[in-house]
1. Which shape class, rounded, prolate or oblate, goes with region 79-193 when its Cα gyration tensor gives a ≥ b ≥ c as root eigenvalues, a/c under 1.5 marks rounded, and past that a/b bigger than b/c marks prolate?
2. Between residue 235 and residue 192, what's the calculated FRET efficiency when r is the beta-carbon distance and R0 is 30 Å? Round to 0.05.
3. If the elastic network links every pair of Cα atoms under 10 Å, which of 31, 191, 218 fluctuates the most in the Gaussian network model of the chain?
4. Using label points projected 7 Å from each Cα along Cα→Cβ, tell me how many nm separate residue 10 and residue 78, to one decimal.
5. Starting from 0.36 nm per residue, how many nanometres of slack lie between residue 3 and residue 165 once their C-alpha separation is accounted for?
6. Want the number for residue 153 to residue 71: 0.36 nm per residue separation, take away the alpha-carbon distance, what's left?
7. Across bins of 5 angstrom width beginning at 0, how are the C-alpha pair distances of the chain distributed, in whole percent?
8. When a/c reaches 1.5 or more, the comparison of a/b and b/c decides; with that in mind, is region 1-145 rounded, prolate or oblate per its Cα gyration tensor?
Ligand code: FPP
């Protein structure tokens, strides 16, 4: 089934940047009669699989919403467990990232992360910085409104009395230098953006699937890309102007 789906993908029209809201870990754990953290641990398998699939397809940027600013409101045990899982995963997967020429990058308020998470992250970012294959971006302690406000405050300092152009604003965001995502996938049946890449998703195609994140595998990614390729992206124009 993987191969049949893979054949349907037009390699010349791949999205350059895919973003993912990985949702449903808790429900997956509950379904399996396990604590929520069990779901997050199994979500890491999906992270590996999707990263590998995007890398081999030739997608240039993959952004994963790993921890939102709002996620601090979860029970302390879950937050601690998630932070620990992030540190372990980043350390464990560093060699895989290097072997696969993947550059790690992060967006969000990294200063607000526990020091162990920040240290592991910064080290992996530095060690992979000369890789020139796919860029894997982890959104950590991220919220789009935080990023927009942060950019606005930076611009107030650097451009005190001038008009701000769209490109100035884009350059002041933590996603600076990264093309806007063409495809945003959200798993688990929820149909919300949840404070993710609000500026960057102005023209992004949204794809929602009922599959829970720990069940999301390569064929699910291929289906999302095929669906994306079957859409007509008009950017405000009419159909005849595009074709
Ligand atoms: C959402 O499911 C998932 C998260 C908030 C965390 C996602 C994190 C991982 C998969 C581990 C990340 C690891 C790396 C290295 C990126 P939920 O808990 O909101 O699920 P629910 O809606 O069913 O409760």
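Taken together, the values in this text are just the output of simple stated rules run on the coordinates, not laboratory data. Source: prediction; values computed, not measured. So basically every Cβ, Gly included, is an ideal-geometry build from the backbone, and we count neighbours across all protein chains shown.
1. Verdict is prolate for region 79-193.
2. Calculated transfer efficiency: 0.80.
3. Largest GNM mean-square fluctuation: 31.
4. Here the answer is 4.1 nm between the modelled labels.
5. 53.8 nm
6. Gain on extension, residue 153 to residue 71, equals 27.1 nm.
7. Cα pair-distance distribution for the chain, in percent: 1, 6, 13, 17, 19, 18, 13, 7, 4, 2, 0, 0.
8. Here region 1-145 falls in the oblate category.
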